[in-house]
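We did not get these values from a lab; they are worked out from the coordinates using the rules stated. Because the structure is a prediction, the values reported are computed rather than measured. Because the Cβ atoms are built from the backbone with ideal geometry, glycine has one as well, and the counts that use them run over all protein chains shown.
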Amino acid sequence: MAEALTLARRGLYSTHPNPRVGAVVVRDGQIVGRGAHLRAGDAHAEVFALAQAGERARGATLYVTLEPCCHHGRTPPCTDAILTAGVASVVIAIADPNPRVRGGGIALLQQQGLQVELGCLAEEATALNIGFVRRMRSGRPWIRLKQAQSLDGCVALASGESQWLTGSAARADVQRERAAASAIVVGVGTVLADNPRLAPRVDFPLCRFPHKIILDSHLRTPADAALFDTPGEIWIFHGQDADPERRIRLIQRGAHLQGLPMGPKGVGLDLAALWTALAQRECNEVLVEAGPELATSLLRGGWVDEWLLYLAPKILGEGAQPAARLGPYAQLDAVPSWRLWRAETIAGDVKLQLLSAEG
Ligand code: AOF
Ligand code: ZN
């Protein structure tokens, strides 16, 4: 299963909106077939692994990181391929949360007399498809808030200067995080301040680029922003009072526009409606590259599933801009806590992945 997970990771940057899935066929203690799902519309992992195994699949064990599908989607059901190949037993990491499958694949294989085991390396398999699982179960994406911070929790000097807080290796890691996401979300403030391209720059070819999402209540996105000239769909979400001429200009630049209701107390856009809209566009993981204002809304609203922090060993000092404005809290036990999920050093910086305590 560990080998199947390694194969599944090959699809990290390409399977959107599908899950990343790997499969291995084992016969007499030897791996005789390997497969990975790499792109929506392409064959599923099991099909590749079984094809490689050929006749050796008869009586063999199939290890697969996601329950085999039993539905006709873009491709035929994997359960058919497994039965035709004559596999004797199937070891599965996690059940497929897709309502069109959800246990149906396992039940079908068992009915046909195959031995089925579920739960091997389930935690790792879930982590690899955390956004797909979230979208299928809850109808909203996995929301990952990314920020680069100083040791005193600040993102910019009083002057607004923030480039570059972290070193080049940490920034290269952000590019990989961008590439793995279904969509990158920014507020219009970031577009106006930094003019980001929002397309991942990685040193390997990408066959798909994440959607570029801008939260822009009053349509202030300039029609000559750099993000119009990079690959990836552009979606601009705006409030109901959007100026029709600006709408037209941005649509002419290739952006898709969608109105959303305003959030509580009329501040910002309604984030609940935003997540629903992104899930409808089949976004699994979204990377929110938030300035202090958007980060504050996200954190106050309890929307952050994962806080991805790049910590630079620097103190930005007096007057610097805090990453978010939270509190005040009367006592320590009223302060929301985060669970440290992963931590690593990247050159001179630290990458932290924190999970919301409720999640
Ligand atoms: C598997 N093996 O490798 C994958 C599965 O549109 P389709 O035909 O590609 O089907 C996509 C759905 O199939 C996806 O939402 C998920 O439920 C399942 N993905 N299943 O047996 C695979 N990628
Ligand atoms: Zn399948």
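Stretched out fully, how many nm does the piece from R176 to R281 gain, at 0.36 nm a residue minus the Cα gap? Show your work: numbers first, answer last.
Values: separation 105, 0.36 × 105 = 37.80 nm, distance 2.16 nm.
Length gained between R176 and R281: 35.6 nm.
Extension gain, A272-D241: 0.36 nm per intervening residue step, less the Cα-Cα distance, totals 9.2 nm. With each label modelled as a point 7 angstrom along the Cα→C-beta vector, the A107-H218 pair spans 5.5 nm. Per-residue 3J(HN,Hα) values for the range 202-210, derived from phi via the Karplus relation 6.51 cos²θ - 1.76 cosθ + 1.60 with θ = phi - 60°, read 10, 8, 9, x, 10, 9, 9, 10, x Hz in sequence order (x marks Gly and Pro).
Go ahead and estimate [θ] at 222 nm for the chain from helices alone: -39,500 (n - 2.57) per DSSP H run with n ≥ 4, summed, over the residue count, rounded to 500. Write down the numbers at each step before the final one.
Working: 11 runs with 96 residues, N = 359.
Rounded to the nearest 500, the figure is -7500 deg cm²/dmol.
Assuming 0.36 nm per residue, please report the length gained on full extension of the stretch L355 to E124 beyond their Cα-Cα distance.
Working: separation 231, 0.36 × 231 = 83.16 nm, distance 1.53 nm.
Contour length minus the Cα-Cα distance gives 81.6 nm.
Counting pairs of Cα atoms in the range 105-190, how many percent are more than 14 Å apart? Here the long-distance tail beyond 14 Å is 78 percent of all Cα pairs in the range 105-190. Here the relative contact order of the chain, from alpha carbon pairs under 8 Å that lie six or more residues apart, stands at 16 percent.
The ranking of W303, W235 by Cβ neighbour count inside 10 Å, starting from the fewest, reads W303, W235.
Please figure out what share of the DSSP beta bridges in the chain is antiparallel and state it in percent, rounded to the nearest 5. The partial results should precede the final answer.
On the way: 27 of 64 bridges.
Roughly 40 percent of the DSSP beta bridges within the chain come out antiparallel.
In this calculation the C-beta distance from I31 to R339 is compared with R0 = 35 Å, giving a FRET efficiency of 0.50.
Along the axis of the charge dipole computed for the range 219-359 (Cβ charges of +1 for Lys and Arg, -1 for Asp and Glu, origin at the Cα centre), the listed residues L227, L309, G259 are led at the positive end by G259.
Using R0 = 30 Å, the C-beta based FRET efficiency linking E117 and V202 works out to 0.25.
Protection proxy ranking for 279-288, 32-41, using the average of other Cβ atoms within 10 Å per residue and placing the highest first: 279-288, 32-41.
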